[in-house]
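Below is one structure, written out as structure tokens, with a few remarks after it.
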Amino acid sequence: RRVTTDSPLVAAWGDPPIVLRCGVPVPAAYQPTSQVVTINGVDWFPEQLTRGYVFTTVGRVANVEVSVPDAYAPEVNPLVDLAGAVADKVPKR
């Protein structure tokens, strides 16, 4: 299934789609003491949804958000593939 968007800051792929958005705000639920998932040097703040998770990077000059439907459980798996690109392209604060 082809997934398209008009924004250069959004990418989507798969069925159901995994959606990546760049330049998002820090999640409202995030606190400095919140638990994060660290994958290949990139910290992700997880938020459980009804049918999956949203993971948002923290501690970077720009935030990257990845929405992963529960069809891809365990939902952290796509982050393994994305962490290298995030680490290379989005510097730490």
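The values are calculated or read from the model by the stated rules, or taken from the named source; none is laboratory data. Keep in mind that this is a model prediction, so the values were computed, not measured. For neighbour counting, all protein chains shown are included, and Cβ atoms are generated from backbone atoms with ideal geometry for every residue, glycine included.
Restricting attention to the stretch 68-80, the residues that are of a type in the set (D, E, K, R) and under 11 Å from the mean Cα position of the chain (by Cα) total 1. If only residues of the stretch 78-89 that are more than 12 Å from Ile18 (Cβ to Cβ) and in contact (Cβ under 8 Å) with a residue 40 or more places away in the chain are counted, the one that is surrounded by the most Cβ atoms within 10 Å (Cβ to Cβ) is Val86.
Please go through the stretch 25-59 and pick out each residue that is surrounded by 16 or more Cβ atoms within 10 Å (Cβ to Cβ) and β-branched (Val, Ile, Thr). Result: Val36, Ile39, Val42, Val54, Thr56, Thr57, Val58.
Could you grab me the full set of residues in the stretch 45-77 that are of a type in the set (A, V, I, L, M) and either touching a residue at least 40 places away in the same chain (Cβ under 8 Å) or touching a Gly at 6+ places or on another chain (Cβ under 7 Å) (or both)?
Within the stretch 45-77, Ala62, Val64, Val66, Val68, Ala71 meet the criteria.
Residues considered: Gln31, Gln48, Gln35. Of these, the only one that is in a strand (DSSP E or B) and modelled with pLDDT of 95 or more is Gln48.
Out of all the residues in the stretch 60-77, which are surrounded by 16 or more Cβ atoms within 10 Å (Cβ to Cβ), among the hydrophobic types (A, V, I, L, M, F, W, C) and more than 14 Å from Arg21 (Cα to Cα)?
Restricting attention to the stretch 60-77, the residues satisfying the condition of being surrounded by 16 or more Cβ atoms within 10 Å (Cβ to Cβ) are 60, 63-69, 75-76.
Subset that is among the hydrophobic types (A, V, I, L, M, F, W, C): 64, 66, 68, 76.
Matches in the stretch 60-77: Val76 only.
Filtering the stretch 51-65 to residues that are in contact with a helix residue (DSSP H, G or I) (Cβ under 7 Å, 6 or more places away or on another chain) and in a loop (DSSP other than H, G, I, E, B) leaves only Arg51.
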